[in-house]
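Undergrad: To start, I am sharing the structure in question, which I have written as structure tokens.
Laboratory data are not the source of any read-out in this text; all were calculated from the coordinates shown. Everything numeric here is computed off the predicted structure, so don't read it as measured data. When we count neighbours, we look across all protein chains shown, and the Cβ atoms used for this are built from the backbone with ideal geometry, even at glycine.
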Amino acid sequence: MASACARKGYAAIEIEDVVALAVLPRHAFERHFTSKEECALAAVDQILADTTWAVANANSPELTDWQRLLYAARAVLELMAAQPSYARLACMEARHAMPADAYERYAAGIRVIMAMLDRARAYAVAAAPSSATRGAVGGAELLIRRELIAGRAERLPKLLPDIIYGTVVPFLDQHEALCYAELARELVNSGG
Amino acid sequence: MNNTEMEAGARGRLHRAILVELEEKGPGRIELSRVLWSAGVSEHDFEASYENVEECIFAAYDELTARLDTAVREACRATGKRSGWPERVSAGLDTLLKELAARPQMARVLLRSFPSLGPPAQARSQAFLESFGPMLAGGRDASEIGSDLPAEVEMLATGAAEAILFEEVESGRAESLPAMLPSLVFSLLVPFLGPADAAAEMEKVRPHD
């Protein structure tokens, strides 16, 4: 399903496209799903589960809040780089083209990220509007979509410094935001 | 396909009608006959100008985005040479919000319906968003840390605004977009100016009773 959507877009695909790419007979699809929509929702659920697992795995009790953000963001970018079709399904098709249930799952994922980021408000140097958190995540989303559209998913982890800067600068002094971006750069370069 | 066969008024009506149909019916469910009837355009004239429905939709989208782009750039220029970069950005954003609020259905087309068409439309939509990058690049000169700013700061700012706009339009609040100007000014400027200065600019555009 993810591969089919990446090629033609969710709106244009038929079940035949999905089974052809999966090299499965139609009846195998019909054993598991009653419709294209049901299969697509299951794919979105899988992405959410994988993302939650990746973020949880990146967490550790001894990390500071900022380190958790850093490692979680890296984990998500690496997951997307490894599975670009899934990333497109989650970041673009669920957002624009799929039925309301898929959009709600996408929106729920965004809300979880925003809830994590909202912890940064405790450190804010100026009163940021309530929409600032959504904006902070949105900056990362646009960069991610750009690379996915261009077929450059492998570059996503390298965007970590810019993404970290964009997510923390609404709350922290710019110099501090740049310090966290530099930490992100060191993490990317070290591969650790 | 050259579309000079169709006079400008008819082309405008056709473009609007096909985008309305896209927004109301979704991709893959567009009834061309309904579009042509609504626009007062014959099938013959349509076929003389467009290879297919998708080509017409893309042309309509390009016309919509060109109009928005022109309005935003003119608003930025109209602030005058004495105005600073934050004022120009605020003026351009104010115009964009008013344009979208005045045509909520087109706002939904811009942000949701057109990208739903699939990869080529998503690439076109992405290109439109990225076209605001050069307009924002003046923020590097306005920033105290210009040379240290990350390479993607223009995209971070554009993405911030797009995400907030998307959520408002998706929630049926397109008509209220002008009221979001202060919040959007903050999100657009904060990657360049930092939170304190962005908050100050936000207060400048907040309506005061």
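Undergrad: Compute the relative contact order of chain A as a whole-number percentage, counting only Cα pairs closer than 8 Å that sit 6 or more residues apart in sequence.
TA: Contact order relative to length: 21 percent.
Undergrad: Per DSSP H run of n ≥ 4, the term is -39500 (n - 2.57); total these for the protein assembly as shown, divide by its residue number, and report the mean residue ellipticity at 222 nm rounded to 500 deg cm²/dmol.
TA: Estimated from H runs of four or more residues: -22000 deg cm²/dmol.
Undergrad: Scan chain B and hand back the longest stretch that contains none of the trypsin sites (Lys or Arg not before Pro) lying in DSSP loops with at most 11 other Cβ atoms within 10 Å.
TA: The reported range is B:83-209.
Undergrad: So what's the net charge close to B:Ala101: Lys and Arg +1, Asp and Glu -1, counting the other residues with Cβ under 13 Å from its Cβ?
TA: Once positives and negatives cancel, what remains is 0.
Undergrad: Counting only other chains, what is the mean number of Cβ atoms within 10 angstrom of the Cβ of each residue in peptide B:160-168? Walk me through the numbers before you get to the answer.
TA: On the way: counts 14, 5, 6, 11, 6, 2, 5, 6, 2.
For peptide B:160-168, the averaged partner shielding equals 6.
Undergrad: Out of all Cα-Cα pairs in chain B, roughly what percent, to the nearest whole number, are more than 23 Å apart?
TA: Of all Cα-Cα pairs in chain B, 50 percent lie more than 23 Å apart.
Undergrad: Ok, one more. In percent, what relative contact order does the stretch B:71-209 have, based on Cα pairs under 8 Å that are 6 or more apart in sequence? Mind dumping the intermediate values first?
TA: Numbers: 135 pairs, mean separation 37.4, N = 139.
Relative CO of the stretch B:71-209 lands at 27 percent.
Undergrad: Partner chain Cβ atoms within 10 Å, averaged over the residues of B:144-153 - can you pull that number for me?
TA: Numbers: counts 2, 4, 0, 0, 4, 6, 12, 3, 11, 5.
The per-residue average across the peptide is 5.
Undergrad: To continue, here is another question. Under 24 Å Cα to Cα from B:Lys25, which lysines show up? Leave out anything in the same chain fewer than 8 places away.
TA: Cα-Cα hits under 24 Å: A:Lys8, A:Lys36.
Undergrad: Less than 14 Å Cβ to Cβ from B:Glu175, Lys/Arg counted +1 and Asp/Glu -1: what total charge do the surrounding residues give?
TA: Numbers: positive: B:Lys98, B:Arg103, B:Arg108, B:Arg173; negative: B:Glu99, B:Glu168, B:Glu170.
Here the count lands on +1.
Undergrad: Then there's this: Grab every C-alpha pair in chain A, bin the distances at 10 angstrom width from 0 up to the longest one, and report whole percents.
TA: Distribution as computed: 9, 34, 33, 17, 7, 1 percent.
Undergrad: When we measure straight from the Cα of B:Lys81, which lysines land under 24 angstrom away, once same-chain ones fewer than 8 places off are left out?
TA: Counting by Cα, and skipping residues close in sequence, B:Lys81 has these lysines nearby: B:Lys98, B:Lys204.
Undergrad: Continuing with the same structure: Near B:Ala91, within a Cβ-to-Cβ distance under 14 Å, what is the net charge of the other residues, with Lys and Arg +1 and Asp and Glu -1? Intermediate values should be presented prior to the final figure.
TA: Numbers: positive: B:Arg73, B:Arg77, B:Lys81, B:Arg82, B:Arg88, B:Lys98, B:Lys204; negative: B:Glu74, B:Glu87, B:Asp94, B:Glu99, B:Glu201.
Charge balance in the 14 Å sphere: +2.
Undergrad: Compute the distribution of all C-alpha to C-alpha distances in the stretch A:61-134, in bins of 5 Å from 0, and list the percent of pairs in each, rounded to whole numbers.
TA: All Cα pairs considered, the percentages come to 3, 14, 18, 20, 19, 14, 9, 3, 0.
Undergrad: I would also like to ask the following. Shape call for the protein assembly as shown from the C-alpha gyration tensor, a ≥ b ≥ c root eigenvalues: rounded (a/c under 1.5), prolate (a/b greater than b/c) or oblate?
TA: It is oblate, given that a/c is not under 1.5 and a/b is not larger than b/c.
Undergrad: When Cβ neighbours within 10 Å are restricted to other protein chains, what is their mean count per residue of peptide A:145-158?
TA: Numbers: counts 9, 8, 0, 3, 8, 2, 1, 0, 0, 0, 0, 0, 0, 0.
Going residue by residue through A:145-158 and averaging, the value is 2.
Undergrad: Would you order B:Ser125, B:Ser147 from fewest to most other beta-carbon atoms within 10 Å of each residue's own beta-carbon?
TA: Lowest count first: B:Ser147, B:Ser125.
Undergrad: Further question on the same structure: I need B:Phe58, B:Phe132, B:Phe114 ordered by Cβ neighbour count within 10 Å, fewest first.
TA: Ascending Cβ contact count within 10 Å gives the list B:Phe58, B:Phe132, B:Phe114.
Undergrad: What do you get when you divide the Cα radius of gyration of the stretch B:113-209 by 2.2 N^0.38 Å, with N the number of residues?
TA: That ratio works out to 1.19.
Undergrad: Using Cα-Cα distances under 8 Å and only pairs 6 or more residues apart, what relative contact order does the stretch B:163-209 have, in percent?
TA: 32 percent
Undergrad: Using just the alpha carbons, could you tell me how many Å³ per residue the convex hull of the stretch A:20-115 encloses? Mind showing how you got there, number by number?
TA: On the way: hull volume 10.3 nm³, N = 96.
Taking only Cα atoms, the stretch A:20-115 has a hull volume of 107 Å³ per residue.
Undergrad: Something else about it: Tilt of helix A:174-190 relative to the longest C-alpha principal axis of chain A, in degrees (0 to 90, nearest 10)?
TA: 60 degrees
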